[in-house]
Amino acid sequence: MIKRILFFFISLLVPSAMAADIIPAKKVQHYWVNASAGLSLSGLSFCDGRLVTISDKKSEKVYQIVLKGVHAKLEPFVTLSGLSVPKKDRPTNVWYFLLDLTRPAAAMDFEAISCVDNNLYLLSERYNRIAEVDMQGQGRWLENMWSTTAKAQGYMQGYNLSGVGLQKVGDDFWMVLERDPRALVKLGPKGGVQIFTPPAVEGLNFRGQSENLAGLSYYDGALFTLEPNASAVCRRELPSLKAQWCLDYWEQENSSELGYEVSRTGGKGDGLAVGDTGIYIVFDNDNISRIHDPQDRRALLLHLAYPEGAQ
C-alpha cells in the first residue's frame with residue numbers, strides 16, 4: 001500500500017507522455033486552391049459556413065476559400081481598414097532590428113484567424129497583437145499583451161517565434177507559440193496571461209524535427225491543435241489540454257500527388273478548421289512547387305473525415 005501511494009505522488013511530479021489513440025486519417029477530398037500562388041495562406045476558420053483564411057504576405061484582405069465540387073478558389077472576403085501600425089516590442093538584438101527594417105511597417109504578418117459572433121480576429125506575428133475586425137472590414141487592435149510574460153518564461157527567444165494560431169473561446173483567447181519551446185497561451189478578458197505546455201502524446205512522431213504547433217480550432221467543447229511536424233491534429237480537453245486522440249495525416253501529406261518539393265521549409269499544415277463536415281487543413285507552401293507538378297505553386301486544402309466513434 002505504501003509503495004502504491006508513493007508511486008501515485010511521484011507520477012504527479014514527473015511529467016510523462018499521455019496515452020491517446022493515434023488514428024490514421026481518411027481523406028474526404030483535397031483541393032488545389034486557385035488564385036493562391038505566392039500568398040502563403042496561413043490560417044483557417046469557419047465563419048457562418050464559409051472557410052476564411054489570411055495571407056502572411058498580403059495584409060490588406062481576409063480571403064474566403066470557395067468550394068465547388070472538386071474545385072476551390074480563393075476570393076476576397078473583406079478588405080481591412082482602420083488598422084494603423086500598433087506599438088510593438090523592441091527587437092531583442094541588433095540583428096532582429098535590422099531584419100525588421102527590411103519589411104514595410106504595414107506588413108502585419110498575419111498568421112491566424114478566428115471567427116466568432118460575426119467578428120474576425122487576426123493574429124499578427126510581427127507585432128504580437130490581435131486585431132478585431134467586423135464584417136465590413138473595420139478593424140481595431142485589442143489590448144491583449146503576452147510577449148513580456150512569455151519572454152520572461154523562456155519563450156519567443158528567436159526571430160519570428162511568436163503566435164501562429166488563434167481561437168476565441170467564450171471570453172478568452174487561446175493562442176499558439178510555435179516552437180523552441182512550443183506553448184499554448186490563454187489570454188483572459190481582464191488581461192490575464194497563462195502559459196501552458198501541452199501534454200505530450202505517447203507515440204506521436206515528430207520525426208526528428210521541432211515539436212511544434214500551428215493552427216487551433218474549437219469544436220464540440222474541445223480545442224483542436226495542429227501539430228505540423230508530426231502531421232497530426234489532436235483533440236484536447238479543456239482546461240487540462242490532455243489529448244483524447246490524434247489524427248495522423250502523414251500518408252496524405254507525403255504522397256507524391258500532394259507533397260511539395262521541399263517540405264522542411266514549406267508545404268506544412270498551417271491553418272485548421274474543425275466543424276460538422278470534418279477537419280480542414282490549409283498548407284502554407286511558401287510558394288514552393290508541388291512534386292507532382294513543378295509549375296504548380298498553389299496552396300493545398302485537405303479535407304479529412306472526423307474519426308468514426310471518436311468524441
**Request:** Could you check how many residues of region 121-138 are more than 17 Å from Lys186 (Cα to Cα) and modelled with pLDDT under 95?
**Result:** 2
**Message:** Take the residues in region 213-227 that are more than 9 Å from the chain's Cα centre (by Cα) and not hydrophobic (A, V, I, L, M, F, W, C); name whichever of them is nearest to Arg179 (Cα to Cα).
**Reply:** Tyr218
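For (1) among the acidic types (Asp, Glu); (2) under 17 Å from the mean Cα position of the chain (by Cα); (3) buried (at least 18 other Cβ atoms within 10 Å of the Cβ); (4) part of a loop (DSSP other than H, G, I, E, B), each residue gets a yes or a no:
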{"site": "Gln157", "(1), (2), (3), (4)": "no, no, no, yes"}
{"site": "Asp180", "(1), (2), (3), (4)": "yes, yes, no, yes"}
{"site": "Gln194", "(1), (2), (3), (4)": "no, no, no, no"}
{"site": "Gly208", "(1), (2), (3), (4)": "no, no, no, yes"}
**Prompt:** Just to be sure, is Gln295 more than 18 Å from Gly165 (Cβ to Cβ) and surrounded by 14 or more Cβ atoms within 10 Å (Cβ to Cβ)?
**Reply:** no
**Prompt:** So which residues in region 157-168 are at pLDDT 90 or above and in contact with a Leu (Cβ under 7 Å, 6 or more places away or on another chain)?
**Reply:** Gly165, Leu166, Gln167
**Prompt:** When residues of region 254-287 are filtered for being in a loop (DSSP other than H, G, I, E, B), surrounded by 18 or more Cβ atoms within 10 Å (Cβ to Cβ) and of a type outside the set (S, T, N, Q), how many remain?
**Reply:** 4
**Complete:** Flagged in region 48-79 as more than 23 Å from Arg140 (Cα to Cα), surrounded by 22 or more Cβ atoms within 10 Å (Cβ to Cβ) and among the small types (Gly, Ala, Ser), in numbering order, are Ala72
**Message:** Can you tell me how many residues within region 221-280 are of a type in the set (Asp, Glu) and under 17 Å from Met175 (Cα atoms)?
**Reply:** 3
**Request:** Any residue in region 192-221 that's within 21 Å of Met156 (Cα to Cα) and at pLDDT 95 or above: show its pairings with residues that are exposed (fewer than 15 other Cβ atoms within 10 Å of the Cβ) and of a type in the set (Phe, Trp, Tyr) at Cβ separation under 9 Å, as long as the two are six or more apart or on different chains.
**Result:** none
**Asked** Which of the residues belonging to region 160-178 are polar (S, T, N, Q) and surrounded by 18 or more Cβ atoms within 10 Å (Cβ to Cβ)?
**Response** Ser162, Gln167
**Long-range neighbours under 8 Å by Cβ, at least six apart or interchain, first residue on the phi > 0 side of the Ramachandran plot within region 229-242, second hydroxyl-bearing (Ser, Thr, Tyr) and assigned to a loop (DSSP other than H, G, I, E, B)** = Ser231/Tyr249
**Request:** Any chance you could count how many residues in region 210-232 are among the hydroxyl-bearing types (Ser, Thr, Tyr), buried (at least 18 other Cβ atoms within 10 Å of the Cβ) and not in a strand (DSSP E or B)?
**Result:** 1
**Message:** Testing Arg235 on (1) closer than 23 Å to Arg126 by Cβ; (2) not in a loop (DSSP other than H, G, I, E, B), one condition comes back false. Which one is that?
**Reply:** (1)
**Item:** Every residue from region 263-281 that is under 19 Å from Phe206 (Cα atoms), of a type outside the set (Asp, Glu) and touching a Ser or Thr at 6+ places or on another chain (Cβ under 9 Å)
**Value:** Gly266, Lys268, Gly269, Gly271, Leu272
**Request:** Mind listing whichever residues of region 33-61 are in contact with a Ser or Thr (Cβ under 7 Å, 6 or more places away or on another chain), over 18 Å from Val176 (Cα atoms) and of a type in the set (S, T, N, Q)?
**Result:** Ser40
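The values are calculated or read from the model by the stated rules, or taken from the named source; none is laboratory data. Here the structure is a predicted model, which means the values were calculated and not measured. Virtual Cβ from ideal backbone geometry, glycine too; neighbours counted across all protein chains shown.
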